[in-house]
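Have a look at the structure below before the remarks.
Taken together, the values in this text are just the output of simple stated rules run on the coordinates, not laboratory data. If you're wondering where the values come from, they're calculated on a predicted model, not measured in any experiment. Cβ placement follows ideal geometry from the backbone for every residue including glycine, while neighbour counts extend to all protein chains displayed.
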Amino acid sequence: MAEGLEVLLLDDEPIVGKRLKPALAKIGCNVEVFEDPKKALERIDQKEFDIVVTDIRMDDVDGLQVLEHVRQSSERTKVIMITGYAMMAVAREAMEKGAFDFISKPFKPDDLRKVIAKAAKALGSNIQSEILETDGS
């Protein structure tokens, strides 16, 4: 595997990608940011990502469709769902369809880094988790 995790980040709000890309790069992730779900799906067809982080609520294509697409193209890719609405039913459905985890907005970059580290561990890769171990556990 190449140095660092390959991460695709999909959120139709540009600020999300702008805030999170540097935060994930700091822990050694190679991040590709997309605001357009269709372009993200095309990219997923071209390249196998270690982790895909996707918003659930988007126009045209929603996060569950992205999840299903990823599941069809790669069994090992971990999908983390972002939800801006505390919709447990949708989150549960996403988990049933194979999502690795979900995170609710608003969240801090550190919250996402912790979930990414958990996904990395599940993939057998340890990212720079010492950065994450700031909560005293």
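By a straight-distance test (C-alpha under 18 Å), which aspartates and glutamates pair with K114 as possible cross-link partners, with residues fewer than eight away in the same chain excluded?
E6, D50, D55, D101, E130, E133, D135
Within the stretch 3-42, list the trypsin sites (Lys or Arg not before Pro) lying in a DSSP loop whose Cβ has at most 14 other Cβ atoms in a 10 Å radius.
Those satisfying the criteria are K26.
Taking loop as defined by DSSP and a crowding limit of 16 other beta carbons within 10 Å, which GluC sites (Glu not before Pro) in the stretch 1-33 fit?
When the GluC sites (Glu not before Pro) of the stretch 1-33 are filtered for loop state and at most 16 Cβ neighbours within 10 Å, E3 remain.
Under a point-charge model restricted to the Cβ atoms of Lys and Arg (+1) and Asp and Glu (-1), what is the dipole moment magnitude of the chain relative to its Cα centre, in debye to the nearest 20? Walk me through the numbers before you get to the answer.
Numbers: 20 positive and 26 negative charges, 62 e Å.
Rounded to the nearest 20 debye, it is 300 debye.
Excluding residues fewer than 8 places away in the same chain, name every one of the lysines whose C-alpha is closer than 18 Å to that of K39.
K18, K21, K47
Please give the peptides 47-56, 103-112, 67-76 ranked by average Cβ packing (other Cβ atoms within 10 Å per residue), highest first, as a rough proxy for protection.
Per-residue mean Cβ counts within 10 Å order the peptides as 47-56, 67-76, 103-112.
Counting only the backbone N, which residues of the stretch 97-122 are under 15 Å from the spot 7 Å out from the Cα of R19 toward its beta-carbon?
Only 103-114 pass the distance filter.
Can you pull the one-decimal nm distance between simple spin-label points at I103 and K26, each 7 Å off the Cα toward Cβ?
Taking the simple label geometry, I103 and K26 are separated by 1.2 nm.
Under a Cβ-Cβ cut-off of 15 Å, what is the net charge of the residues other than E13 that fall near it, where Lys and Arg count +1 and Asp and Glu count -1?
Numbers: positive: K18, R19, K21, R57, K105; negative: D11, D12, E35, D36, D55, D59, D60, D62.
My count for the surroundings of E13 gives -3.
When you count, for each residue, the other Cβ atoms within 10 Å and take the mean per peptide, how do 116-127, 87-98 rank with the highest first?
Working: 116-127: 17.3, 87-98: 14.2.
Answer by packing, highest mean first, reads 116-127, 87-98.
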